[in-house]
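These notes concern the structure reproduced below.
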């Protein structure tokens with residue numbers, strides 16, 4: 001069975017199971033960080049017990065082994081508590097993830113940033129290794145609400161895999177921010193409905209008439225929900241093959 005590493009959490013995996021995804025060469029690490037900086041790729045910063053933050057690399061000091069990140073709103077708790085961070089970002093079809101030591105705040109005003117030592121190891125995963133399928137009707141939907149509370153949105157499901165789900169926010173509704181944690185009740189058909197915790201990974205280009213598609217990763221999916229989802233994906237794939245043969 002194909003595995004989707006979009007949801008692999010390297011902090012809970014035995015090191016030997018992640019060897020093929022490990023990047024330890026200082027030259028390769030520098031190249032990846034430089035690419036993140038030059039492309040101004042969004043980086044999600046995660047620490048246990050705190051809400052995710054979204055930032056970018058604004059300074060890369062390879063000579064002194066330092067990394068500078070834009071100072072996101074809400075980062076004060078990271079600095080005050082001396083929290084380590086897990087950073088993750090997407091470069092095309094590759095997800096990179098690494099640990100950062102507790103950051104320090106440097107500068108003030110528009111020059112303020114978070115400073116941390118360069119990561120010693122970066123893990124590089126294929127973004128999608130599992131099959132992602134599109135529902136065959138407009139019926140599949142998810143009732144979604146921010147994890148900290150708020151109004152429920154019933155959103156159309158665009159596609160789904162074992163690692164995540166793409167949803168459509170209707171026109172005229174504000175989209176949640178990248179990194180936002182959500183709680184959802186997903187209903188793909190009358191036999192496949194389950195609860196899931198999600199984290200917004202990226203937002204796609206809006207269409208005035210259709211709305212804004214956005215992709216989420218599953219952050220907590222119970223074993224029964226995983227089995228239901230795998231069965232749905234397998235059945236949808238079989239149906240797709242039959243349609244192509246017809």
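The values are calculated or read from the model by the stated rules, or taken from the named source; none is laboratory data. These figures come from a predicted structure and were not determined experimentally. Methodologically, a virtual Cβ is constructed for each residue, glycine included, from the backbone with ideal geometry; neighbour enumeration extends over all protein chains shown.
Taking every residue in the range 98-120 that is within 11 Å of residue 87 (Cβ to Cβ) and pairing it with any residue that is in a helix (DSSP H, G or I) and modelled with pLDDT under 90, at least 6 positions away or on another chain, the pairs with Cβ-Cβ distances below 9 Å are 98/10; 99/10; 99/11; 103/78; 103/79; 114/78; 114/79.
Residues are listed down the side, and each one gets a yes or a no for (1) surrounded by 13 or more Cβ atoms within 10 Å (Cβ to Cβ); (2) in the same structural domain as residue 90 (by TED's automatic domain parsing); (3) out of contact with any strand residue (DSSP E or B) (no Cβ under 8 Å at 6 or more places or on another chain); (4) within 14 Å of residue 118 (Cβ to Cβ):
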site	(1), (2), (3), (4)
25	no, yes, yes, yes
29	yes, yes, no, yes
33	yes, yes, no, yes
36	yes, yes, no, yes
41	yes, yes, no, no
47	yes, yes, no, no
55	yes, yes, no, no
59	yes, yes, no, yes
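Each residue in the range 214-246 was checked for being farther than 16 Å from residue 185 by Cα and surrounded by fewer than 17 Cβ atoms within 10 Å (Cβ to Cβ), and 14 of them qualify.
For the range 159-172: of the residues being at pLDDT 90 or above and in a loop (DSSP other than H, G, I, E, B), which is farthest from residue 229 (Cα to Cα)? Here the answer is 171. Among the residues of the range 171-188, those identified as exposed (fewer than 15 other Cβ atoms within 10 Å of the Cβ) and in contact (Cβ under 8 Å) with a residue 12 or more places away in the chain are 171, 173, 177. For the range 185-202, the count of residues that are at pLDDT below 90 and within 17 Å of residue 219 (Cβ to Cβ) is at least one.
The single condition among (1) modelled with pLDDT of 90 or more; (2) not assigned by TED's automatic domain parsing to the domain that holds residue 207 that residue 132 does not satisfy is (1).
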